[in-house]
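The next block holds one structure in the form of structure tokens; read it before the comments.
The values are calculated or read from the model by the stated rules, or taken from the named source; none is laboratory data. Remember, it's a predicted structure, so these values are computed and weren't measured experimentally. Here the Cβ positions follow ideal geometry from the backbone for every residue, glycine too, while neighbour counts run over all protein chains shown. Heavy atoms of the whole protein, side chains included, go into the accessibility calculation; ligands, DNA and RNA do not. Shrake-Rupley method; radii C 1.70, N 1.55, O 1.52, S 1.80 Å.
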Amino acid sequence: MQTKYREPSHDFNGIDPNIIDNKEVQKLQEKVCDVSNVFAFCTDSRGQWITDLTGHNDGLEQIRQMITMERFSSMIRRVSESSLEDQIIENTEYPNLKIAAISIKIEGRPIINWLICAVVEDYETAGFEKGPITDFPAVTTERKFMKTLDLIRVASFKILQSRILLYSAEAESRKSKSSQQEMSISLKRTEATTAIVQLLESDEPVEAVMEKILKIAGAYLGISSAEVFRLNKDGKYMDVMAEWCNVGVVSIFNQLRNIKRSAFLKYSKPMVISSDTRITPEEREQLEQVYIKATIIIPIFIGGVVTMYICFNECKNEKIWDIEDVKFTNNAAKVIQSILVRRIQKNSLASSYASLEAILDNVGSAIYVKDIESKKMLFANKMLKTVFEQEYKDGTLDELFESGRPVGSKGGTFEINSILRNRWYDLHYTYINWVDGRQVVLCAVYDITDKKIYQKKIEQQAYTDFLTGLYNRMCCERDLAWHIDNAKKNNLLGGLLYLDLDDFKHINDGLGHQYGDVLLKSISHSLQKIEGIQKTCYRMGGDEFVILIPSEHYPRISLILDEIKEIFNKPWFLKDADYYCTMSMGVVIFPEDGDSVQNLIKKADIAMYEAKKSGKNRVAYYSDSISTMSNKRLDMEKNMRDATVAGYKEFEVYYQPIIDIQKPGSPCSGAEALIRWNNSELGFIPPSDFIPLAEYLGLINPIGNYVLKEACLACKDWNESGYPNYKVNVNLSVVQLLQPDIVDIVAETIAETGIAPKNLTLEVTESLAINDMERMKEILGNIKKLGVRIALDDFGTGYSSLNHIREIPLDVIKVDQSFVTDLADDQYSQSFIKMIAELATSIGVSICVEGIETVEQKNVLEGMKVRMIQGYYCDRPMKREDFEAKYMPDKQ
């Protein structure tokens, strides 16, 4: 067969090499080489260079001379072809020259390959052929070299990930559109095939029947023209037996008889030529002479000899034939051939029937013909007898196919779901006249199970969260509506839990979003293991989850809540260390608390916020009082936003004195700055109410920066007014300290206000400091370099060991007031404070005890090496003017 067409490609599982963004790769390479003192280049999966070798300009030529391209190629080939390793590191003949190859693979297939080399300064010389490289312009350490490899791998995956996600989304969209288009085309093809098959019974002249077939086929294919040519006896000339031209297309034939036979009409097998088919220049020129851009030519046999050709042509536009086009045109040609054979053998009914059967056995669908009145099966093709063998033998096809067919309909298509077979079918039916003139029904059956499975997959993706595999918000709302109705109908109860992770942003910002994603997936898998909610866990977005407790599992609600809380009592292993992440959860009961989806979700969200506001790591049940508080929170939120827009004037900085009890007369040495909010509508609002809201709304950073600036201005004024040694303490919240530019903010505030850095003390909580020790040491160390003092607040309430005190660059330890409540009588509290005071003294750190409220508590501290105290015994927090009037009577 002279087949010159291409079947369409539908490989959605492969990865398009074009997803690689060469500019992003080049940018990454240059940045890494510049920062890390390495030399690198990148290739694609075939080993073709994407980037040139880059690195320190003065060392590039020397690297090229020391490492051959053969070695580069060998290492890249080895790592990209290996199924066991995606990174290799090798020594060279030089003891301080290291070389590594990395293959970035997706689903086991290499996408890009890196080759990185570096001259290291820590090395051993034993066992090497040559001496070390000296006086090299760019050197690094072996440890930094390893970290650079990790950085390149992670960054490459991140670049590819976004490209693959976009590529996958576009591919899925194309699949969905393609599936819909295929279903529409399939229906049109079925209708066209049926219409052509119906012409088998036509008594019109054969030329007229052929023209109708060409018109039906040409209209379905959307082509320019179609012809049937009959060869003359000498084989050199031919006649146009039938021709059809589309609207606006003019026949190219000046005569219909004795036309010279085309060179293309000489084969005994079908020929398919698309616009992009590779043919000889002479053949293409011949087609262009008759204005044909693409054609399908099918020979028609009569008595085993080619006597005719049927041609389907496209003359206006570029045309790429697909396999379904070829099958359809072959079927049309077979019908024409059958009509010709039938006309030739019109006196032989048996021969005509055999031709019809041969055609219908090869049309790609199960076909049967049935008498309308007697219900007798008159014809069934080979596919129907094979696929539905048992039903055909048992006479039960009606039960399978015709139970859903509309009575009295003249024709149409409907779907059938066979539960017993676990298959889906399209049944296309129409009424025709049989060979003896009686009216019969012609049915064509198509298996559409694969399309149904694909549709279900698309629907499943619409209801599933891509990251965690949990169901999403849309699915949650659908399922919740069903469970509410079920509970109401059967007088049952169910539960809805709204769960939000506490301070998840800190993990995302501190460790990176990839580890945040790992945590979300780990939490999701843990929730799905709890009995009763395995299939009713949903991710609403971000770090919020909803859990449905169906009515049949509602009696276990207390156990389910305990199991959820137990999940968050354990640390999560992220980035080679344990990290704690707690959650706040709101609970509503349906239909007691409501019977609408949106109302229940809203109430569960309100209860969750109440739990978060109460100190986080808590569970709160919804109640009307909480709803009232929620309305108050909305008012507070509006007023807080208005207050920040208006320049933070409603936020007041109060000052609580810090007393130095080791100096004669226990003088004031400074104050701690504490924020208060005096709203014009809501009045004075406690910090315990508005600070969590500020964190929730993302306003804590600008508010905190405002407090820092005001406190520094006040202290600068005190220092210049006769109190040069007064210091001010300012609390830094978790969110503030994790800002990437916190060091710059502190430096800018010092420069803007003119405060002496030594008179500014920044307080951080113990729990924050130990949760990411390495990062805290870096941040606090950079702040210390500014000359600012650091205080560890609330000491004794976290999980740290005493060893952590030595790791953090501290100036002051502030013992939490929980150790002071029973200080006068409690031996443990006294021993604890004494031990911490002695430890602080030994490492050169001052100690301040908070919460001193009685003279007895103060007296116990004497002789314990405690330098500073703070609390209501000394004084309450007060406005700046009150503080200055009381503790700065000689202010100049």
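For residue 723, the requirement of being part of a loop (DSSP other than H, G, I, E, B), open to solvent by 10 Å² or more (accessible area, probe 1.4 Å) and farther than 30 Å from residue 832 by Cα is met. Only residues that are hydrophobic (A, V, I, L, M, F, W, C) and either exposed (fewer than 13 other Cβ atoms within 10 Å of the Cβ) or not in a helix (DSSP H, G or I) (or both) were counted across segment 556-592, and they come to 12. Condition test on residue 65, is it of a type in the set (S, T, N, Q), under 23 Å from residue 32 (Cα atoms) and surrounded by 15 or more Cβ atoms within 10 Å (Cβ to Cβ)? No: the conditions fail for residue 65. The residues of segment 644-662 that are in contact with a strand residue (DSSP E or B) (Cβ under 9 Å, 6 or more places away or on another chain), part of a loop (DSSP other than H, G, I, E, B) and either open to solvent by 50 Å² or more (accessible area, probe 1.4 Å) or touching a residue at least 40 places away in the same chain (Cβ under 8 Å) (or both), listed by number, are 661, 662. Taking the condition under 30 Å from residue 617 (Cβ atoms) and either part of a helix (DSSP H, G or I) or of a type outside the set (A, V, I, L, M, F, W, C) (or both), does residue 412 pass? It is false that residue 412 is under 30 Å from residue 617 (Cβ atoms) and either part of a helix (DSSP H, G or I) or of a type outside the set (A, V, I, L, M, F, W, C) (or both).
Pairing each residue of segment 356-375 that is at negative phi with any residue that is in a strand (DSSP E or B) and exposed (fewer than 14 other Cβ atoms within 10 Å of the Cβ), provided the two are 6+ apart or on different chains, yields C-beta distances under 7 Å for 372/439.
Could you tell me whether residue 204 is assigned to a strand (DSSP E or B) and either touching a Phe, Trp or Tyr at 6+ places or on another chain (Cβ under 9 Å) or loosely packed, with under 12 Cβ neighbours inside 10 Å (or both)? No, not satisfied. Restricted to helices (runs of 4 or more DSSP H) entirely inside segment 761-861, those with at least 1 residues that are modelled with pLDDT of 90 or more are 773-784. Restricting attention to segment 843-878, the residues that are over 22 Å from residue 654 (Cβ atoms), without any contact (Cβ under 8 Å) to a residue 40 or more places away in the chain and open to solvent by less than 40 Å² (accessible area, probe 1.4 Å) total 5. When residue 162 is tested against (1) of a type in the set (Gly, Ala, Ser); (2) modelled with pLDDT under 85; (3) buried (at least 16 other Cβ atoms within 10 Å of the Cβ), just one condition goes unmet, and that condition is (3).
Inclusion of residue 705 among residues that are open to solvent by 30 Å² or more (accessible area, probe 1.4 Å) and either outside any loop (DSSP other than H, G, I, E, B) or among the basic types (Lys, Arg) (or both) is warranted. State whether the residues of segment 311-333 include one that is assigned to a strand (DSSP E or B), more than 51 Å from the chain's Cα centre (by Cα) and closer than 24 Å to residue 212 by Cβ. Within segment 311-333, none of the residues are assigned to a strand (DSSP E or B), more than 51 Å from the chain's Cα centre (by Cα) and closer than 24 Å to residue 212 by Cβ.
Name the residue that is surrounded by the fewest Cβ atoms within 10 Å (Cβ to Cβ), counting only residues in segment 122-142 that are without any contact (Cβ under 8 Å) to a residue 60 or more places away in the chain, among the polar types (S, T, N, Q) and closer than 17 Å to residue 38 by Cα. Give the derivation first.
Taking segment 122-142 first, the residues without any contact (Cβ under 8 Å) to a residue 60 or more places away in the chain are 122-132, 134-135, 141-142.
Add one more test, that the residue is among the polar types (S, T, N, Q), and what stays is 125, 134, 141.
Now narrow it down to the ones that are closer than 17 Å to residue 38 by Cα: 134, 141.
On the way: 134: 7, 141: 14.
It comes out as 134.
If I filter segment 708-728 for residues that are under 25 Å from residue 816 (Cβ atoms), of a type in the set (A, V, I, L, M) and free of Cβ contacts under 8 Å to residues at least 40 places away in the same chain, do I get at least one hit? Looking for residues that are under 25 Å from residue 816 (Cβ atoms), of a type in the set (A, V, I, L, M) and free of Cβ contacts under 8 Å to residues at least 40 places away in the same chain, one finds none in segment 708-728, hence no. The residue pairs whose first member lies in segment 285-296 and is closer than 14 Å to residue 227 by Cβ, whose second member is open to solvent by less than 70 Å² (accessible area, probe 1.4 Å) and part of a helix (DSSP H, G or I), and whose beta carbons are closer than 8 Å, counting only pairs six or more residues apart or on different chains, are 295/287; 296/325; 296/326; 296/329.
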